[in-house]
Amino acid sequence: MKNIRKYGDAPFNIAVIHGGPGAPGEMAPVAKELSKSYGVLEPLQTKMSIEGQLQELEDTLVKYGNPPIILIGYSWGAMLGFIYTAQNPSLVKKLILISSGVFEDKYAADIMQTRLNRLTEKEQQEVNILSDKLDNPSLKGKSALFARLGEIISRVDSYDPLPSENEIIECQYHIYKKVWGEAKSLRKSGELVKLGKKIKSPVVAIHGDFDSHPIDGVKIPLSDVLKDFKFILLEKCGHHPWIERKAKDKFFNILKKELC
């Protein structure tokens, strides 16, 4: 898989970072909208470690971008962008976090339960079956199971979604398993949020009030460690603001304002 897509014309001062880990391509709708006014890079992470993804991201941004760059990270991509910005403060002009994962372990405990509570009993059973299969080390073809689980989770993570095309190029469970395992360990140790002390550029977090990732898990930890931090709450909005019927326009208006 090619690890970069470009939208609009050079110079490329903006990059959008997908989530997952292992869900390349999902930020394409955001990149396409922003490319009406800006040159936008969409790095596609292919490495199986946080260190590898950070190096891959740096290589891509330096080769194709025009640093210092504005990073827009979504979900896991917000956390990866946070780590990258801490390690490369001179290369990032601004960091924008969309629907970020939480930054302290104590806020993560109820995320899956929130999702399960939004499912029917039949859907809960399917999620449990899929989760058990993904935990089976001898089972093959897990990316297809991972994709199905993602479909279910995405639906209950949304408040009032518009019809939309799934832009993910390929669900990659092997990348998710390795990278997210490292990310959880980094978060549990407390080292993840501490990285914020190294960030010099402005940071903006945009988060939906219906997102299963709790607001306080982003707002409180980052308010404590970042020197220049702004938190923006979107009402009637889930984990994918760009497909939310009642929040999409406001989301893009906010995002574009933050790019000026």
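Miscellaneous remarks
- What the phi angles of the stretch 155-170 give under the Karplus curve with 6.51, -1.76 and 1.60, with θ = phi - 60°, is a coupling list of 5, 7, 7, 9, 8, 8, x, 7, x, 8, 8, 6, 8, 5, 5, 6 Hz, glycine and proline written as x.
- Plainly put, the stretch 1-136 has a radius of gyration that is 1.05 times its Kirkwood radius, both from alpha-carbon atoms, as the Rg/Rh ratio.
- If you wrap the tightest convex hull around every Cα atom of the stretch 114-260 and split its volume per residue, you get 142 Å³.
- For the cross-link pairs Lys63/Lys200; Lys177/Lys236; Lys2/Lys198; Lys177/Lys219, the ones whose C-alpha atoms lie over 29 Å apart are Lys177/Lys236; Lys2/Lys198.
- The chain: most fluctuating residue of Gly65, Gly141, Gly150 per GNM, C-alpha cutoff 10 Å: Gly141
- Note that the stretch 69-110 carries a Kirkwood radius of 10.6 Å, evaluated over its alpha carbons pair by pair.
- Each part reduced to its alpha carbon centroid, the stretch 165-218 and the stretch 1-60 end up 16 Å apart.
- For the chain, the share of accessible area belonging to carbon and sulfur comes to 49 percent (1.4 Å probe, ligands and nucleic acids excluded).
- Each residue of the chain gets 117 Å³ once the volume of the Cα convex hull is shared out per residue.
- Of Lys32/Lys257; Lys94/Lys188; Lys142/Lys178, pairs whose Cα-Cα distance is over 20 Å: Lys94/Lys188
- Seen against the Cα atoms of the chain and their longest principal axis, helix 50-64 is set at about 40 degrees.
- Heavy atoms of the protein chains alone define the surface here; on that basis the chain has 47 Å² accessible area per residue at 1.4 Å probe size.
- Quarter of the Cα convex hull surface for the stretch 145-221, i.e. its orientation-mean projected area (nm²): 7.0 nm²
- Residues of the chain were split at every exposed loop site, defined as trypsin sites (Lys or Arg not before Pro) in a DSSP loop with at most 10 other C-beta atoms within 10 angstrom, and the longest piece left, sites excluded, is 141-260.
- Net dipole in debye of the stretch 189-251 [+1 Lys, Arg Cβ; -1 Asp, Glu Cβ; about Cα centre; nearest 20]: 240 debye
- Most mobile listed residue (Pro163, Pro214, Pro11) in the chain, GNM with C-alpha springs under 10 Å: Pro163
The values are calculated or read from the model by the stated rules, or taken from the named source; none is laboratory data. Quick caveat: nothing in here was measured; it's all calculated off a predicted structure. Glycine also receives a Cβ, built like all others from the backbone with ideal geometry; neighbour counts cover every protein chain displayed. Note: areas computed on protein heavy atoms with side chains; ligands, DNA, RNA excluded. Shrake-Rupley method; radii C 1.70, N 1.55, O 1.52, S 1.80 Å.
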